[in-house]
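The values are calculated or read from the model by the stated rules, or taken from the named source; none is laboratory data. As the structure is a prediction and not an experimental result, all values here were calculated from the model. Reconstructed Cβ throughout: ideal geometry from the backbone, glycine too, with neighbour counts over all protein chains shown.
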Amino acid sequence: MLILQPERIQELRRARGMGRTKLAKISGLTERQIARLEGALPWRGELSSDMALRLAAALQVEPETLLGDQPLTEADKAARPKTTSCSCCN
């Protein structure tokens, strides 16, 4: 079972100007899953490595950054350029 740092997910999401809805669309997770991973709702399930990889890709960080294995740097928190051009994620 993987354990993410909930505050990191929220901090990175906000630094990128994303709401939970947008992060859910980009990562393929549900808004409820995002809320649970951020600690807003109780989490009863296990976090798969696939979920962690999708979330890290959507936030444009290494998975280890979400796991707390690496310190959160200013570069991690810096807004990244948009990687999608679809109207649903703008």
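Can you name every residue in segment 40-72 that is within 17 Å of Met18 (Cα to Cα), surrounded by fewer than 16 Cβ atoms within 10 Å (Cβ to Cβ) and at pLDDT below 85?
Ala40
Which of the residues spanning segment 19-42 are touching a residue at least 24 places away in the same chain (Cβ under 8 Å), assigned to a loop (DSSP other than H, G, I, E, B) and either aliphatic (A, V, I, L, M) or within 16 Å of Ala56 (Cβ to Cβ) (or both)? Please lay out each step first, then the result.
Looking only at segment 19-42, we keep the residues that are touching a residue at least 24 places away in the same chain (Cβ under 8 Å), and these are 22-23, 25-29, 34, 37-39.
If we keep only those that are assigned to a loop (DSSP other than H, G, I, E, B) as well, we get 28-29, 38-39.
Within segment 19-42, Gly28, Leu29, Glu38 meet the criteria.
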